[in-house]
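Below: one structure, written as structure tokens.
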Amino acid sequence: MGVPGYTASFTFLNKKKHPAVGCPSIGAFFSGNIGVLHGESGHGTVTPASYHELKTGAIPSIASWHNLYWYCMSSGFCMQWCASVISMSAIDPGPSCSMNKSILECVTLTSMLGSWGLHRRRMDVNPVTNWNAPLVWEGTFDPVVIDSIYKRMDPRIAVIVFAVGKYTRFLKGFLESGEKHFMVDFKLTYYIFTDHVDEVPKIDQAMGRKITILPVPSATRWQDVVLGRMKYATIAIDQQIRNQSDYIFMMDIDSLFHGRVGAESLSRMSAVLHRGYYKDETRKKFPYERRPQSQAYIPMDEGDYYYSAAVWGGYLEDMYKLVRYCYEQSEIDSKNNIEAVWQEESHLNKYLLHNKPTKVLSPEYLWSDYDRKPEDIKVVRISQLVKNYAEVRPNGGH
Ligand SMILES: CC(=O)N[C@H]1[C@@H](OP(=O)(O)OP(=O)(O)OC[C@H]2O[C@@H](n3ccc(=O)[nH]c3=O)[C@H](O)[C@@H]2O)O[C@H](CO)[C@H](O)[C@@H]1O
Ligand SMILES: [Mn+2]
């Protein structure tokens, strides 16, 4: 019989060589309990010190991981050699092994290690909001670890996009780049709302990913399309999407994916900082609706951030509540002969002022081809395309 233990898949957070071993390595600190992982990434064997320990359930005890954690915390330099263990599986776990628990704790712990090391590398941005929600920037999460955590839940993700009138021209680029970068390896359905069903392109998709087309009427005003999104999405969630999804993203179609957008963007309610206002130190410049007659009104002395309506996502029921809120509030406005300055974006900002997002995504999650990339944007994940507004919109202009 082979030696009982575990195999672990791992990647090193950085590639620094351990001076004694000559390659990235971890394990010396707890060699009594666990084997050494070395190389840049791959598989290693983790062997508990005693078979007896294993049989009694004291599997390569979490205590040793904690010791490692505290050791690293107290002696900073060791972080350079820390591995991110992305999966562990038993070779021969013995009868009383509670593998799931130890996997989860390992992953959680290593992701703590990961973020601790990585946070130190982003001193230029704030990785947390004033209400203690994560503010996601490149370098504040470990993509491999966070995907593996969410993958265990295997969520079904719905993406709601509208392509009405001439906006069908954006579908191909959006979908093809989405297949390369957006929630890769997750179950995902694009719900495409369009008045030109025959203009939806056929694209190659991996298993578990598909397109569902939902017909909507054409419009003569672009404002009716952007606001109509709230109405038709509310109806479709009620009739169909609710039974098919766990998360929903609402997105503009006139954009391309250029970089990874993965599980780090998932939460109960995630909103993106609008690229135009994220550096503003005063809220006075935020283009909130300032007319008290509108339901979207926000007074000058209130507000946390200005969020973009071109990318937002969250749990199905939380998103449903917000989409429906935007629809209902805009209906009230319309009865009062007023339309909020930035349509549903204004209502979205009003809602999120009183119902704080549980995750805020940096403008990496919606940049724009109109603007140059400043120093703090290390990765552009999604970018809005340059378009001729007058030509593409049914009633022209801004
Ligand atoms: C980057 C950003 O902040 N985007 C927001 C901004 O305008 P944008 O200038 O980005 O608006 P836009 O012209 O892209 O319209 C928003 C979306 O509505 C759909 N569409 C629009 C018109 C049309 O004729 N056919 C059609 O399908 C399409 O999915 C499009 O992407 O303001 C809008 C409201 O004013 C929305 O809040 C957008 O989310
Ligand atoms: Mn847009």
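I need His354, His347, His196, His274 ordered by Cβ neighbour count within 10 Å, fewest first.
His354, His196, His274, His347
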Using 0.36 nm per residue of separation minus the Cα-Cα distance, give me the extension gain between Glu328 and Asp124 in nm, one decimal. 69.5 nm
Under 14 Å from the Cα of Lys378, which aspartates and glutamates turn up, not counting those fewer than eight places away in the same chain? Asp124, Glu138, Glu364
Please state the shape class of segment 156-392: rounded when a/c is under 1.5, otherwise prolate if a/b exceeds b/c and oblate if not, all from the C-alpha gyration tensor. rounded
In nm, to one decimal, how far is the Asp369 label point from the Asp246 one, both placed 7 Å along Cα→Cβ? 3.5
Counting only backbone N atoms under 17 Å from a point 7 Å out along Cα-to-Cβ of Lys210, the residues of segment 219-238 in range are 237
Among the aspartates and glutamates, which have Cα under 13 Å from the Cα of Lys285 when same-chain residues fewer than 8 positions away are ignored? Asp301, Glu302, Asp304
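First measure r as the distance between the Cβ atoms of Asp185 and Asp301, then evaluate 1/(1 + (r/R0)^6) with R0 = 41 Å and state the FRET efficiency to the nearest 0.05.
0.35
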Could you give the nm distance between label points at Lys166 and Asn337, where each point is 7 Å from its Cα heading toward the beta carbon? 3.2
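Taken together, the values in this text are just the output of simple stated rules run on the coordinates, not laboratory data. Here the structure is a predicted model, which means the values were calculated and not measured. Every residue, glycine among them, receives a Cβ derived from its backbone with ideal geometry; neighbour counts consider all protein chains shown.
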